[in-house]
Amino acid sequence: METSLHRQLKEIYADGESQLEAPLEKFRIDVVCGGQLVEIQHGSLAAIRDKVARLLGTHRVLVVKPIVACKWIVRQDARAGCVLSRRRSPKQGTVLDLFHELVYFTRVFPHANLSLEVPLVEIEEWRYPGHGRRRRWRENDYQVEDQKLLQVHRVHRFRWGDDLLQLLPSGLPSPFHTGDLAGRCGISRWFAQRIAYCLRKMNLAEEAGKAGNARLYQLPRRTLHRAA
């Protein structure tokens, strides 16, 4: 079932002459705008990887991957029921979260016919109890009825691999390991390993030996000069 968030984003990316949910070959395209196909994917990029790879052979494609920077949770007593509360979730997404998805997209991006946009969005998530007659809410005992777009805070656009390198913190040692990356970004070592994996698979960084058990990575020289 399409969420309000998905529908609202389609409206943002469409103009007066665009086609929505247009059939093309064996696919259905969210927005066809001029000679460009727009695919909006709030879920995992893995779900559209093969579709996008196929379309890139003959079309220009824009993949829109929204990241929730701010979420308001609206709790209802039942589906389409009365609102019980509205609170702000402590979880806040950042543009770095894109790397969680690029892990599954390294065989597709970068590509000459592909652009990737990441809107940082503020949304409402409408929930109701997951088990009809239970009186008390538990943390995971709910169903999501809908997600609604409140605001787009900022849009990041990535056209080439070098655009991703702009997300890395300045002052990384050369070479660096994932502990360096984790410390400077304020993220977990596990997350930093995912970023390093994406960079290596996209030929944006190369392995440069080891320091103990930690793998070392080297960025392109032009990036090191730009960050200095």
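The values are calculated or read from the model by the stated rules, or taken from the named source; none is laboratory data. Just so we're clear, the structure is a prediction, and the values are computed from it rather than from any experiment. Note that each Cβ is placed from the backbone with ideal geometry, even for glycine, and that neighbours are counted across all protein chains shown. These accessible areas exclude ligands, DNA and RNA; they are computed on the full protein's heavy atoms, side chains included. Shrake-Rupley method; radii C 1.70, N 1.55, O 1.52, S 1.80 Å.
Test THR58 against the stated conditions and say whether it is of a type outside the set (A, V, I, L, M), over 21 Å from THR3 (Cα atoms) and without any contact (Cβ under 8 Å) to a residue 24 or more places away in the chain. Here the answer is yes, as THR58 does meet what is asked. Entry remark, region 25-35: residues being open to solvent by less than 40 Å² (accessible area, probe 1.4 Å) and more than 22 Å from MET1 (Cβ to Cβ) number 2 in total. Of the residues making up region 36-67, those that are of a type in the set (A, V, I, L, M, F, W, C) and either touching a Pro at 6+ places or on another chain (Cβ under 9 Å) or open to solvent by 30 Å² or more (accessible area, probe 1.4 Å) (or both) are ILE40, ALA46, ALA47, ALA53, VAL64, ILE67.
Within the span defined as region 76-93, every residue fails to be aliphatic (A, V, I, L, M), open to solvent by less than 40 Å² (accessible area, probe 1.4 Å) and not in a loop (DSSP other than H, G, I, E, B).
Suppose the filter is outside any strand (DSSP E or B), in contact with an Asp or Glu (Cβ under 6 Å, 6 or more places away or on another chain) and free of Cβ contacts under 8 Å to residues at least 40 places away in the same chain; does LYS51 pass it? So LYS51 does not fit the description; no.
Scanning region 10-24 for residues that are among the hydrophobic types (A, V, I, L, M, F, W, C), open to solvent by less than 50 Å² (accessible area, probe 1.4 Å) and either within 19 Å of VAL155 (Cβ to Cβ) or in contact with a strand residue (DSSP E or B) (Cβ under 6 Å, 6 or more places away or on another chain) (or both) gives ALA14, ALA22.
Here ARG7 fulfils each of the conditions (1) open to solvent by 80 Å² or more (accessible area, probe 1.4 Å); (2) over 24 Å from GLU125 (Cβ atoms) apart from (2).
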